[in-house]
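Reviewing the structure listed below.
No value in this document is a laboratory result; all are computed from the given coordinates. Predicted model, so just to flag it, every value in this text is computed and none were measured. Heads up, the Cβs are rebuilt from the backbone with ideal geometry, glycines too, and the neighbour counts pull from every protein chain shown.
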Amino acid sequence: MSDTDTTRTSSSGLRTPIVAVLGHVDHGKTSLLDKIRGSAVIEGEAGAITQHIGATAVPLDTVSRVAGSLVDPDDFDLPGLLFIDTPGHHSFTTLRSRGGALADIAILVVDVTDGFQPQTIEAINILQDSSTPFVVAANKIDTVAGWNPREDSPVQQTYDAQSDRARSRLDERLYELIGELSDHGFSADLYWRVQDFQKNVGVVPVSAMTGEGVPDLLTVLMGLSQRYMKDAMEIDVAGPGAGTVLEVKDEKGFGATVDVVLYDGTVREDETIVVGGTQEPIVTDVRALLQPRPLAEIRAESRFDRVDEVGAAAGLKIAAPDLEEAMAGAPVRVVRDRDIDDVVGEVEAELAEVEVSTEEEG
Ligand code: GDP
């Protein structure tokens, strides 16, 4: 064992909550993620958001800037929000962590005019089964007849600025939606009326097109996480990393690589990792840890920046030998100062669980 291993002390800290987006096709999941990414970017300002592999990190400062008076950053000590870039049920159910959902919290997107649709119900069942807290984004409020959009405005400001008729049309739809949620066993209300988010689902009227309500949505997600998930976000920030494979990809110059969401600890270059595979767990050494190169710096030779270490929560690409048989949805573990066989056993046990749950779905 090396000196660095024996001198390393464990230090607890809070990680970023991981957010997933679910909902019926065409209800606006992708547009909403794009809008969040877009609203978090300030021209010329570096680091407002960080594009990870497969995920987007929105730091607390940015949430607070977008949310304006809705958020006082002093009320929060979680570092921000990490959105998984691939929306949808398949990614939600295949991405697991230690038996639970990889996502700590979810946005259920419902087209306010279209209302509940088959995949909305499917999503609600998935969220219920995995006990994932969620908020409902009542999307496309700008399509209400007579709506007068106010770009990127908090919802109550834009609501107050509408005509009586537009307001009552929106109210009607929102109440229908709240009724549908109730029919499916969820007591829900407009988010500003919700006192206890553990008992009631908050509904946030938004438009992924105009950005109205997006400040509110970020505020509610941040507030929910801070209030109810702080304990779960407490990790040994310097401990051996744990993550989930998003995708296995061939990458020029690197061969087979895995895109991973890291939800615990750290991973460093040259460390031994165990990755769940289609046949058996793969034991290999990290050759490179890769993150996307900022757009401005993209040069012909590589789209990636190499880093020495990555800490949770983050999305990253791991290049290592023998990853051809790695499996999407499978666990990744850093061995570090533990016994390799123990870690392999951990990965096997978790894989068995993943397989059982996939069979159940089919
Ligand atoms: P997904 O299948 O849930 O990811 O839905 P998309 O994000 O692809 O959106 C489906 C369609 O609805 C696209 O044509 C979007 O431009 C449109 N759309 C999404 N959100 C809004 C919104 O808030 N307002 C309006 N008017 N159109 C929207």
Anisotropy class of segment 179-219 from Cα gyration tensor, a/c 1.5 cut: oblate
Percent RCO, i.e. relative contact order, over the chain, from Cα pairs under 8 Å lying at least 6 residues apart: 19
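Mean Kyte-Doolittle of at least -1.0 plus a Cα span of 18 Å or more along the axis: flag which DSSP H helices in the chain meet both, please.
214-228, 340-361
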Extension gain from E172 to K199, taking 0.36 nm per residue of separation minus the Cα-Cα distance: 7.4 nm
Sorted by Cβ density within 10 Å, fewest first, the residues H89, H27, H184: H184, H89, H27
Antiparallel DSSP beta bridges within the chain, percent to nearest 5: 70
Relative contact order %, segment 59-186, counting alpha carbon pairs below 8 Å whose residues are six or more apart: 19
Relative contact order computed over segment 116-270 (Cα-Cα under 8 Å; 6+ residues apart), in percent: 21
The chain - mean residue ellipticity at 222 nm from DSSP helices (-39,500 (n - 2.57) per run, n ≥ 4, rounded to 500): -9000 deg cm²/dmol
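Taking every DSSP beta bridge with both residues inside segment 137-277, roughly what % is antiparallel (nearest 5)?
Details: 9 of 15 bridges.
Of those bridges, close to 60 percent are antiparallel.
How far, in nm, would the chain grow between K252 and T30 when pulled straight, counting 0.36 nm per residue and subtracting the alpha carbon separation?
Result: 77.1 nm gained on full extension.
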Residues of type lysines that K140 reaches as a straight line, Cα spacing below 30 Å, ignoring anything fewer than 8 places off in the same chain: K29, K35, K199
Selected from G329, V260, Y191, residue furthest toward positive end of dipole (the chain; charges at beta carbon): Y191
Rounded if a/c under 1.5, otherwise prolate or oblate - segment 220-297, Cα gyration tensor axes: prolate
Proximal lysines to K249, defined as alpha-carbon separation beneath 16 angstrom and excluding residues fewer than eight positions away on the same chain: K317
Selection from F92, G276, V206 lying farthest towards where the dipole of the chain points positive, charges on Cβ: V206
